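A.B. asks: Below you'll find the structure I mean.
Every number here is computed from the coordinates shown, using simple stated rules; none is lab data. Fair warning: this is a prediction, and the values are worked out from it, not measured in the lab. Here the Cβ is made from the backbone with ideal geometry for all residues, glycine too, and neighbour counts use every protein chain on show.
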Amino acid sequence: MSVRRITALVLILWVSVWAAETYDIERWAVGAVGLGWAGFGAALAGPTEYMINPAGLGNAERTEIIGTWIPDFAETATPCFGAALVKPMRTESASLGEERTFGTLAVSIFNAADSHFIGGGYYPCDWPPRGGRTPPDWSFEGQSLACISFGSRASDLFAYGLNLKVLSIEDNGRADSGFGLDAGMQLYPGDFRVGLSLINLIPPGISLADERSFAERVIRFGAGYSLFGVLTLAAELEYYTSLDWLDYGLCTEIVPVERDDFRIALGGGYRVREELWGGFLSLRFGIFEVAIGVRGRIGFDRLLPSSIWVGLSPEI
């Protein structure tokens with residue numbers, strides 16, 4: 001199949017879906033740092049934020065075994081759990097006699113047992129209002145997301161990545177699953193960072209009623225600058241195609257200490273239209289790493305779903 005035909009097929013898949021849903025399991029799966037960035041991070045995403053931009057996997061240097069937990073939220077959602085394995089694949093160069101990483105593979109699964117929401121006001125997570133309209137009541141008895149991801153640093157300037165995922169939804173005794181595909185890229189010209197991610201480029205389709213709906217397509221574009229390798233600040237745009245909803249804002253990461261066996265990172269993000277803020281703190285000591293991400297909304301008197309992330313990096 002020629003490149004021109006593949007491009008035409010992708011464009012058809014992109015524009016031909018009318019009914020779309022935003023499933024909260026996809027929002028929660030971004031991890032503690034991703035939640036701390038308020039869901040942004042196309043330019044800044046690293047190896048553990050591949051659900052925001054799979055190209056971030058191209059920068060992986062160590063194996064990570066990750067556990068994620070999101071506690072109950074305001075009696076609208078039971079805890080969400082996640083587990084992932086991030087494994088750089090290395091090969092030895094015959095000519096140079098040194099080990100090189102040609103790509104990183106990640107396998108992950110996320111599950112939320114129950115979630116529900118009564119229409120009116122804001123969405124329970126950081127969902128955008130549907131064109132300013134009041135959202136309908138909804139409930140799901142179960143949501144899960146399984147994903148196989150690959151990312152590669154093709155050169156010093158460019159990285160790319162893909163997420164192949166299966167979204168499963170259960171409600172009222174009915175269940176269905178659908179396959180989807182995310183794609184992303186990052187550029188590193190000097191101290192600048194540029195990222196583009198296409199979430200649900202091929203969207204999972206779910207049939208729990210007469211009409212088949214598809215997961216919402218999201219385009220994220222970000223550009224940032226790193227100052228002295230310590231502070232990185234990025235501006236980002238995020239567009240929901242079916243909802244015709246554009247949000248924008250900032251996200252940042254500060255790394256005051258970084259050594260081979262010890263690292264401290266903190267940062268945050270802000271969405272202008274949703275008035276949503278977030279923050280995170282990440283600590284790595286030896287083979288252990290822990291991160292905590294929190295989110296809130298201006299004028300809202302309690303935190304939105306937040307996350308605790310625990311990682312282990314064994315020498316395997």
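A.B. asks: Suppose R0 equals 51 Å. What FRET efficiency, 1/(1 + (r/R0)^6) with r the Cβ-Cβ distance, do Glu61 and Ser177 give to the nearest 0.05? Don't skip to the end; give the middle numbers.
C.D. replies: Working: r = 34 Å, r/R0 = 0.66.
So the FRET efficiency works out to roughly 0.90.
A.B. asks: Could I have the simple spin-label model distance between Val257 and Ala209, label points 7 Å from Cα toward Cβ, reported in nm to one decimal?
C.D. replies: 5.3
A.B. asks: Quickly work out the Leu227-to-Phe192 label distance, labels modelled 7 Å from Cα along the C-beta direction, and quote it in nm with one decimal.
C.D. replies: Going by the 7 Å Cα→Cβ label model, 1.8 nm.
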